[in-house]
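Comments concern the structure below.
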Amino acid sequence: MKNTYFKKVTVACVATFAFIGLQNTPVEAITEYQVVKVDSLTNIGQPHDPILKEVQQAINNYDERKEYIPYKPNSKALEIAKSAVEETPISETQSAEPVIEAPEQEVTTPALSISNEEKDLFARLVEAEAKGETYEGKVAVATVVLNRVDSPEFPNSISGVINEVVGGTYAFSPVQNGEINKPASNETVQAVEEALTRQDRLNDSIYFYNPEIATDKWITTREVVKTIGNHVFAK
């Protein structure tokens, strides 16, 4: 009794398994099978061997772990990938950092072209006239000389303006007393160079004087433009 029950349960399981594999197998073929005492599990399973083998093969070939094992490259693969990245040159159209173009510097050129000998004479006059004055004061004295060159009232060259004679005497006292023969300092030379760029014309001033020591009363009647240090600049 117990053996017969066990065989029926076994047949039911095998039949169900076979039904899943065949899908279209008629139900009647399963339910009409007659169980006898000589039956064994091996004999019962023989008619369905192809199905069972196919199911078993599918189970053997299936590895659910493949769905969860992430790809992890070995150390050799990582080294090759790293070398490829490091050796790849940056294209001409790409740059690691944005390129910022430096603004073009404006080159200032002298407004008046003079020889080295005339420039030296010019610097020595400024040194004698503005000795003890600030750098700004020296540039201003040099500017007056240049403004005279541009004025129709004076000679049209630097040497001509410096050596001009007015009323039997030189227009600049250092030419008269010989102070112009002393060398100019580096600061005075630089002041002359700056004046030659003509950045500030001092409102076209053509006169300068020291009100503390000036003896010519006429000069004090000129329109005052600016006072720098001990000198008053006028036009």
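The values are calculated or read from the model by the stated rules, or taken from the named source; none is laboratory data. Keep in mind it's a predicted model, so treat the numbers as computed, not measured. Because the Cβ atoms are built from the backbone with ideal geometry, glycine has one as well, and the counts that use them run over all protein chains shown. These accessible areas exclude ligands, DNA and RNA; they are computed on the full protein's heavy atoms, side chains included. Shrake-Rupley method; radii C 1.70, N 1.55, O 1.52, S 1.80 Å.
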Practice task
Could you check, for segment 172-186, whether at least one of its residues is among the basic types (K, R), closer than 14 Å to R124 by Cβ and either open to solvent by 40 Å² or more (accessible area, probe 1.4 Å) or at pLDDT 95 or above (or both)?
Solution key: yes
Exercise for the section: Give the residues of segment 130-144 that are crowded, with 23+ Cβ neighbours inside 10 Å and outside any loop (DSSP other than H, G, I, E, B), sorted by residue number. Expected result: K138, V139, A140, V141, A142, T143, V144
Problem - Those residues of segment 118-129 which are open to solvent by 10 Å² or more (accessible area, probe 1.4 Å), over 45 Å from the mean Cα position of the chain (by Cα) and farther than 17 Å from T227 by Cβ, in sequence order - result: E118, L121, R124, E127, A128
Completion exercise
Here the qualifying pairs (Cβ atoms under 9 Å; residues six or more apart or on different chains; first in segment 121-150 and closer than 15 Å to I206 by Cα; second hydroxyl-bearing (S, T, Y) and open to solvent by less than 10 Å² (accessible area, probe 1.4 Å)) come out as V126/T188; K138/T188; A140/S205; A142/T188; T143/S205; V144/S205; N147/S205
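Across segment 205-231, which residue is modelled with the highest pLDDT among those that are among the aliphatic types (A, V, I, L, M) and more than 20 Å from E153 (Cα to Cα)?
Filtering segment 205-231 for residues among the aliphatic types (A, V, I, L, M) gives 206, 213-214, 219, 224-225, 228.
Add one more test, that the residue is more than 20 Å from E153 (Cα to Cα), and what stays is 213-214, 228.
Working: I213: 91, A214: 89, I228: 97.
Among those that are among the aliphatic types (A, V, I, L, M) and more than 20 Å from E153 (Cα to Cα), it is I228.
Report yes if some residue within segment 188-199 is open to solvent by 70 Å² or more (accessible area, probe 1.4 Å), farther than 18 Å from I114 by Cα and modelled with pLDDT of 95 or more; otherwise report no. Before you say what the answer is, go through the steps one by one.
Restricting attention to segment 188-199, the residues satisfying the condition of being open to solvent by 70 Å² or more (accessible area, probe 1.4 Å) are 190, 194, 199.
Next cut, farther than 18 Å from I114 by Cα only: none.
For segment 188-199, residues open to solvent by 70 Å² or more (accessible area, probe 1.4 Å), farther than 18 Å from I114 by Cα and modelled with pLDDT of 95 or more: absent.
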Completion exercise
The condition from (1) open to solvent by 90 Å² or more (accessible area, probe 1.4 Å); (2) in contact with a Ser or Thr (Cβ under 6 Å, 6 or more places away or on another chain); (3) among the hydrophobic types (A, V, I, L, M, F, W, C) that W218 misses is numbered (2)
